[in-house]
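The values are calculated or read from the model by the stated rules, or taken from the named source; none is laboratory data. None of these values were measured; they are calculated from a predicted model. For neighbour counting, all protein chains shown are included, and Cβ atoms are generated from backbone atoms with ideal geometry for every residue, glycine included. Each accessible area value is taken on the protein alone, full model and side chains, heavy atoms only, with ligands, DNA and RNA left out. Shrake-Rupley method; radii C 1.70, N 1.55, O 1.52, S 1.80 Å.
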Amino acid sequence: TQLLEQSPQFLSIQEGENLTVYCNSSSVFSSLQWYRQEPGEGPVLLVTVVTGGEVKKLKRLTFQFGDARKDSSLHITAAQPGDTGLYLCAGAEGGKLIFGQGTELSVKP
Amino acid sequence: DTAVSQTPKYLVTQMGNDKSIKCEQNLGHDTMYWYKQDSKKFLKIMFSYNNKELIINETVPNRFSPKSPDKAHLNLHINSLELGDSAVYFCASSTTGGNYGYTFGSGTRLTVV
């Protein structure tokens, strides 16, 4: 069974700080996807990374896919209260998404 | 226009009852899914359908029966509900393979009392 280990599970920081969320696996995925989920809503896709070593930027968010396509990271620069939410990484394999446990991020003003 | 819509949003029912959740997508995607999110926010796949054909059945009890009348609709019927079925159920859709991302509905919170 493929597993994705996501860390940290909880993160509480002050506005303006930087943070990194990690997503690690012993398995290779055809793509790695990051989602953000707000209370009472479904996960919303932020980015998909497909190529080993790929880096994608979305405003203050930087996503990286490991060279071996087994791990990924999400880095947020100068976090804002609006970044608060549940961040989920998910690996695509065999026609399904396998999710990590999620990171609950709280950014305090 | 909502891309993936599921109803109802909330469902409270007694043990032993039978209930259904409906899902529709207007994105023209070929593949639809049911995911279950537990109390620790962990998302796990239950079923996937591609063009009305069952592709994945992830060892879900046979009290759960999905039905896809066409590729835009995927419903979930649950018989003889148990306390442990309480969770949030998400419908999602994607292009075949899902490598470029899924679109999720807003979820159905099922509470079995």
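Worth a mention:
- Minimum 40 Å² accessible area buried by the other protein chains, segment A:38-60 residues, probe 1.4 Å, relative to alone: A:Pro43
- Residues of segment B:42-81 buried by at least 30 Å² of accessible area upon assembly of all protein chains, compared with the chain on its own (1.4 Å probe): B:Phe42, B:Leu43, B:Ile56.
- In this structure B:Ile56 has an accessible area near 20 Å², from a 1.4 Å probe over the protein heavy atoms.
- Within the same chain, aspartates and glutamates fewer than 8 places from B:Lys41 are excluded, and of the rest, those with a Cα less than 19 Å from its Cα are A:Glu5, A:Glu38, A:Glu41, A:Asp83, A:Glu104, B:Glu58, B:Asp85.
- Working from Cα pairs under 8 Å separated by at least six residues, relative contact order for chain A is 37 percent.
- Accessible area (Å², per residue) of chain B, counting only protein heavy atoms and a probe of 1.4 Å: 50
- Rolling a 1.4 angstrom probe over segment A:5-108 with all protein chains present gives an accessible area of which 50% lies on carbon and sulfur atoms.
- When +1 charges are put on Lys and Arg Cβ atoms and -1 charges on Asp and Glu Cβ atoms, the dipole computed for segment A:5-108 relative to its Cα centre reaches about 240 debye.
- Straight-line reach from A:Lys57: taking Cα to Cα under 24 Å and skipping same-chain neighbours fewer than 8 places apart, the lysines in range are A:Lys70, A:Lys108.
- Segment A:5-108: antiparallel DSSP beta bridges as a percent of all, rounded to 5: 90
- Complex-versus-alone comparison for segment A:61-97, residues with a loss of 50 Å² or more in accessible area, probe 1.4 Å: A:Gly95, A:Lys96, A:Leu97
- Per residue accessible area in Å² of segment A:5-108, where ligands, DNA and RNA are left out and the probe is 1.4 Å: 44
- Relative contact order (percent, whole number), chain B, Cα cutoff 8 Å, 6+ residue spacing: 37
- 17 Å Cα-Cα reach of B:Lys22 towards lysines, excluding residues that sit fewer than 8 places from it in its own chain: B:Lys9, B:Lys36, B:Lys52, B:Lys67, B:Lys71
- Accessible surface buried once A binds B (1.4 Å probe; total of both sides; Å²): 1600
- Sorted largest first by accessible area at a 1.4 angstrom probe radius, with every protein chain in place, the residues A:Ser72, B:Ser5 fall in the order B:Ser5, A:Ser72.
- Of the solvent-accessible surface of chain B, computed with a 1.4 Å probe over protein heavy atoms with every protein chain present, carbon and sulfur atoms account for 50 percent.
- Heavy atoms of A:Val55 accessible to a 1.4 Å probe, total area in Å² rounded to 10: 80
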